[in-house]
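Novice: What follows is a structure written as structure tokens; I'll ask about it next.
The values are calculated or read from the model by the stated rules, or taken from the named source; none is laboratory data. Please read these numbers as outputs of a predicted model, since none were measured by experiment. For neighbour counting, all protein chains shown are included, and Cβ atoms are generated from backbone atoms with ideal geometry for every residue, glycine included.
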Amino acid sequence: MSTPAPRRRPAAHRTGAVLAAVVTLALAATACGGTTKDSAKDDDSARTSGAKADPGAKTKKGLTVAFLPKQVNNPYFTVADKGGEKALDELGSTYKETGPNSATDTSGQVSYVNTLTQQQVDAMAVSAQDPGALCTALKQAMKNGVKVVTYDSDTKPACRHVFVSQSGAEALGRTQVQLLGEQLDYKGEIAILSAAQTATNQNTWIGFMKDELKKPKYKNMKLVETAYGNDDAQQSFQQTQGLLQEHPKLAGIISPTTVGIKAAAQYLSGSKYKGKVRLTGLGTPNDMRKYVKNGTVEGFELWDPAKLGALAAHTAVALSSGQITGRKGETFSAGDLGRFTIGDDGVVDLGAPTVFDKANIDKYRF
Ligand code: RAM
């Protein structure tokens with residue numbers, strides 16, 4: 001990656017219309033944790049088919065729960081899904097993982113859902129590449145008695161039982177802008193380097209970033225472009241290079257993806273922009289440690305992916321055991337993680353993320 005090829009750049013005007021639509025959807029999603037609503041009324045009964053929860057039901061053992069991430073070869077999902085595997089092991093159930101290699105292989109993800117349905121797994125935990133594309137397949141899975149949990153990136157509420165969210169989508173979007181604002185003294189041109197253009201989670205956060213930027217304290221900060229690296233290291237590297245070439249006054253970048261922020265840090269670190277152009281977003285401490293230590297990055301944030309995977313596993317088992325159905329107000333135990341309550345639109349929140357910087361990064365190993 002030291003001699004990057006010219007960037008295939010989605011020009012601002014070309015991406016504008018699509019983005020506007022995506023962001024409108026994202027903002028319409030309410031602060032419920034990153035979901036997009038079906039145009040039809042979403043009520044709990046669409047998800048729960050009128051079933052009643054039995055909080056006292058015994059936790060079932062011997063279940064098969066499949067994890068279907070956006071992308072199997074993404075280290076973030078490796079950690080998240082390992083967390084799911086460990087939790088299932090402790091619960092006496094079986095874990096399996098399957099999924100596409102690319103974060104833009106939406107039709108591939110649909111096929112994996114169909115295969116898991118045919119295999120009659122008890123539950124699946126899916127991180128959706130696209131909010132709508134999986135809906136029909138997931139509804140079919142639910143009709144066949146498979147419990148469907150989304151984690152990390154949601155589909156529409158009616159197409160799954162519960163969404164296990166990494167932490168409030170609104171807070172995540174706003175705090176990334178706040179972090180960059182502090183680092184830039186609230187001045188200068190900024191860009192976003194995102195993942196796939198369809199990703200529900202990134203698009204929801206970006207919607208809240210744009211809203212945060214409307215506040216008066218950001219009046220001297222201007223978002224000049226949103227680029228997409230598709231959670232591919234090389235594409236993200238090239239997109240970073242392109243952003244800097246096309247916006248010579250660029251002062252900062254927010255990358256709300258672990259693949260994107262790592263590639264951007266790698267590019268900045270070997271360039272004249274190191275320490276000058278600020279970079280923040282969502283990254284793993286293991287990926288970002290060296291860039292924090294060499295002065296490329298001041299601070300960034302993330303939740304613990306292993307805990308997210310574990311919570312998804314506990315949610316899947318609680319659904320399969322009949323302890324919850326996906327209705328607002330139902331509660332369940334997630335082992336060491338504690339008790340959780342299902343919120344609006346069937347969303348369960350893991351909790352607040354951690355901000356990492358020079359002072360604390362060595363305390364975290366993931
Ligand atoms: C990438 C993926 C994932 C997102 C993290 C922050 O690994 O896009 O969906 O939650 O970044």
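Novice: When you scan the range 274-360 for strands (runs of 3 or more DSSP E) that lie fully inside it, which ones turn up with 1 or more residues that are without any contact (Cβ under 8 Å) to a residue 60 or more places away in the chain?
Specialist: Correct list: 278-281, 299-302, 331-333, 339-341, 354-357.
Novice: Still on this structure, please answer the following. Considering only the range 101-117, I want to know if a residue exists there that is within 16 Å of the ligand (Cβ to nearest atom), more than 21 Å from GLN235 (Cα to Cα) and of a type in the set (D, E, K, R).
Specialist: Scanning the range 101-117 turns up no residue that is within 16 Å of the ligand (Cβ to nearest atom), more than 21 Å from GLN235 (Cα to Cα) and of a type in the set (D, E, K, R).
Novice: Inside the range 186-219, can you point out the residues that are among the hydroxyl-bearing types (Ser, Thr, Tyr) and more than 16 Å from the ligand (Cβ to nearest atom)?
Specialist: Initially, the range 186-219 is screened for residues among the hydroxyl-bearing types (Ser, Thr, Tyr), giving 186, 194, 198, 200, 204, 218.
TYR186, TYR218, listed by residue number.
Novice: Going by what's in this entry, would ALA158 be described as in contact (Cβ under 8 Å) with a residue 40 or more places away in the chain, among the small types (Gly, Ala, Ser) and within 12 Å of the ligand (Cβ to nearest atom)?
Specialist: no
Novice: Further, regarding this structure: Kindly establish whether LEU134 is within 28 Å of GLY50 (Cα to Cα) and either buried (at least 22 other Cβ atoms within 10 Å of the Cβ) or within 16 Å of the ligand (Cβ to nearest atom) (or both). Outline the logic, then answer.
Specialist: Numbers: within 28 Å of GLY50 (Cα to Cα): yes; either buried (at least 22 other Cβ atoms within 10 Å of the Cβ) or within 16 Å of the ligand (Cβ to nearest atom) (or both): yes.
For LEU134, the condition - within 28 Å of GLY50 (Cα to Cα) and either buried (at least 22 other Cβ atoms within 10 Å of the Cβ) or within 16 Å of the ligand (Cβ to nearest atom) (or both) - is met.
Novice: Out of contact with any helix residue (DSSP H, G or I) (no Cβ under 8 Å at 6 or more places or on another chain), within 15 Å of the ligand (Cβ to nearest atom) and not aliphatic (A, V, I, L, M): does that describe TRP303?
Specialist: Details: out of contact with any helix residue (DSSP H, G or I) (no Cβ under 8 Å at 6 or more places or on another chain): yes; within 15 Å of the ligand (Cβ to nearest atom): yes; not aliphatic (A, V, I, L, M): yes.
Here the answer is yes, as TRP303 does meet what is asked.
Novice: Please specify each residue of the range 103-147 satisfying the condition of being assigned to a strand (DSSP E or B) and either in the same structural domain as SER236 (by TED's automatic domain parsing) or within 16 Å of THR200 (Cα to Cα) (or both).
Specialist: Result: ALA125, VAL126.
Novice: Then there's this: Conditions: (1) within 27 Å of PRO69 (Cα to Cα); (2) in the same structural domain as LEU179 (by TED's automatic domain parsing); (3) within 16 Å of the ligand (Cβ to nearest atom). VAL297 meets all but one. Number of the miss?
Specialist: Of everything listed in (1) within 27 Å of PRO69 (Cα to Cα); (2) in the same structural domain as LEU179 (by TED's automatic domain parsing); (3) within 16 Å of the ligand (Cβ to nearest atom), VAL297 misses just condition (1).
Novice: Within the group ASP287, ASP345, which residue is buried (at least 17 other Cβ atoms within 10 Å of the Cβ), touching a helix residue (DSSP H, G or I) at 6+ places or on another chain (Cβ under 7 Å) and on the phi > 0 side of the Ramachandran plot?
Specialist: Answer to the selection: ASP345.
Novice: Right, something else. Does LEU243 qualify as being within 26 Å of GLN166 (Cβ to Cβ), in contact with a Lys or Arg (Cβ under 6 Å, 6 or more places away or on another chain) and modelled with pLDDT of 95 or more?
Specialist: no
Novice: I'd like the residue in the range 78-89 that is among the charged types (D, E, K, R) and more than 16 Å from the ligand (Cβ to nearest atom) and, out of all such residues, is farthest from PHE366 (Cα to Cα). Talk me through it step by step, then tell me what you get.
Specialist: So the first thing to find is which residues in the range 78-89 are among the charged types (D, E, K, R), and the list is 81-82, 85-86, 89.
Filter once more, so that each one left must be more than 16 Å from the ligand (Cβ to nearest atom): 85-86, 89.
Numbers: GLU85: 16, LYS86: 15, ASP89: 20 Å.
Checked the range 78-89; the qualifying residue farthest from PHE366 (Cα to Cα) is ASP89.
Novice: When the range 47-77 is examined, which residues are found to be within 16 Å of the ligand (Cβ to nearest atom) and either part of a loop (DSSP other than H, G, I, E, B) or crowded, with 18+ Cβ neighbours inside 10 Å (or both)?
Specialist: PHE67, LEU68, PRO69, LYS70, GLN71, VAL72, ASN73, ASN74, TYR76, PHE77
Novice: Tell me which residues, restricted to the range 187-245, are over 22 Å from PRO69 (Cα atoms) and in a loop (DSSP other than H, G, I, E, B).
Specialist: LYS187, LYS214, LYS215, LYS219, ASN220
Novice: Condition first: farther than 20 Å from LEU268 by Cα and out of contact with any helix residue (DSSP H, G or I) (no Cβ under 8 Å at 6 or more places or on another chain). Now tell me which residues in the range 172-197 satisfy that.
Specialist: Residue satisfying the conditions is THR175 alone.
Novice: Taking the range 246-268 as the region of interest, how many residues are within 16 Å of the ligand (Cβ to nearest atom) and assigned to a helix (DSSP H, G or I)?
Specialist: 9
Novice: Now for a different question. Given the condition assigned by TED's automatic domain parsing to the domain that holds VAL72, closer than 30 Å to VAL121 by Cβ and within 16 Å of the ligand (Cβ to nearest atom), answer yes or no: does some residue in the range 311-331 qualify?
Specialist: Scanning the range 311-331 turns up at least one residue that is assigned by TED's automatic domain parsing to the domain that holds VAL72, closer than 30 Å to VAL121 by Cβ and within 16 Å of the ligand (Cβ to nearest atom).
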